[in-house]
1. Quick check on the range 51-88: of everything there that is polar (S, T, N, Q) and within 13 Å of the ligand (Cβ to nearest atom), which residue is nearest to the chain's Cα centre (by Cα)?
2. Could you list, in sequence order, all residues of the range 19-45 that are surrounded by fewer than 17 Cβ atoms within 10 Å (Cβ to Cβ) and closer than 20 Å to ALA105 by Cβ?
3. In the range 3-18, what count of residues is obtained for those that are surrounded by fewer than 18 Cβ atoms within 10 Å (Cβ to Cβ) and among the charged types (D, E, K, R)?
4. Does ILE116 count as part of a strand (DSSP E or B), of a type in the set (Val, Ile, Thr) and at pLDDT 95 or above?
5. Among the residues of the range 191-206, which ones are closer than 16 Å to THR146 by Cα and surrounded by 22 or more Cβ atoms within 10 Å (Cβ to Cβ)?
6. Out of the range 61-73, which residues are touching a strand residue (DSSP E or B) at 6+ places or on another chain (Cβ under 8 Å) and over 19 Å from LEU93 (Cβ atoms)?
7. Within the range 1-87, which helices (runs of 4 or more DSSP H) (wholly inside it) include 2 or more residues that are in contact with a Ser or Thr (Cβ under 9 Å, 6 or more places away or on another chain) and more than 20 Å from GLY120 (Cα to Cα)?
8. Identify, by number, the condition in (1) at pLDDT 95 or above; (2) more than 17 Å from the chain's Cα centre (by Cα) that HIS11 doesn't meet.
Amino acid sequence: MDVMEAMRSRHSVRAYLDRPIEEAKAGVLREAITEINRISGLHIQLILNEPLAFSSRLAHYGSFRGCTNYFAIAAPDGFDEAAGYYGEQLVLLAQQLGLNTCWVALTYDKRKVPVICAPGEKLQIVIALGYGETQGTPHKSKPMDTLCRVRGEMPDWFRKGMEAAMLAPTAINQQAFRLILDGNTVTAKALLGPFAKMDLGIVKYHFELGVGTDHFSWA
Ligand SMILES: Cc1cc2nc3c(=O)[nH]c(=O)nc-3n(C[C@H](O)[C@H](O)[C@H](O)COP(=O)(O)O)c2cc1C
């Protein structure tokens, strides 16, 4: 599965099978994490076979079942956009490996996560991971024209980027972002909303994948 197929087939999954992640797949994920941590300022950790974070009443209330694996993203405050941008790379890589995921900011027990934080870092968010009971379902999206501003006719490359951006997971599916095209420059704005800056990082990664290379630069 290429990364575009992964993007189209990814949906949040909250119920997981009791099936361990193979060591070979865990190895691929760890390698990607090492490279991301090297370049991003994030401190992402892969946590396997840990049932407590998703055993709380909050997690059940949030419809989580059987989740014992997750990525924990530790970082200093102010790294929200990077967490979204690089975390989504791991989400799509996991999807390519046949695994399912769900970004989780609230509906888990933070205190149970055995994350290692360097001074100044804290656990910002986790991403549930594993073999889903199902593949999830596509989210409803706001119409494209409410999510972007384009003067004149929309170029084809920008439309492709927008289509990819609309597939991005966002907190409570809020899609609180605007992508504004001016010449070959795209401005990405987070609107008001919980975790909107993290969402923006996810959206920007999807947009870049949708466009491909060379058509634009970020403002
Ligand atoms: C930053 C962020 C935080 C999220 N937090 C939670 C959460 O606490 N609990 C939950 O069940 N889903 C959470 N989600 C998943 C969203 O509800 C989901 O991505 C959105 O409804 C779109 O659906 P999709 O991922 O299936 O496309 C979060 C998503 C993002 C991007």
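1. By that ranking, first place goes to SER63.
2. Listed by number, the list holds a single entry, GLY41.
3. 3
4. no
5. Scanning the range 191-206 gives LEU200, VAL203.
6. Once the filter is applied, which keeps residues that are touching a strand residue (DSSP E or B) at 6+ places or on another chain (Cβ under 8 Å) and over 19 Å from LEU93 (Cβ atoms), the range 61-73 yields GLY62, SER63, PHE64, ARG65, GLY66, THR68.
7. Correct list: 57-61.
8. It is condition (2) that HIS11 fails.
The values are calculated or read from the model by the stated rules, or taken from the named source; none is laboratory data. Predicted model only: the values in this text are computed from it and were never measured. Quick reminder, even Gly has a Cβ in these numbers, built from the backbone with ideal geometry, and neighbours come from all protein chains shown.
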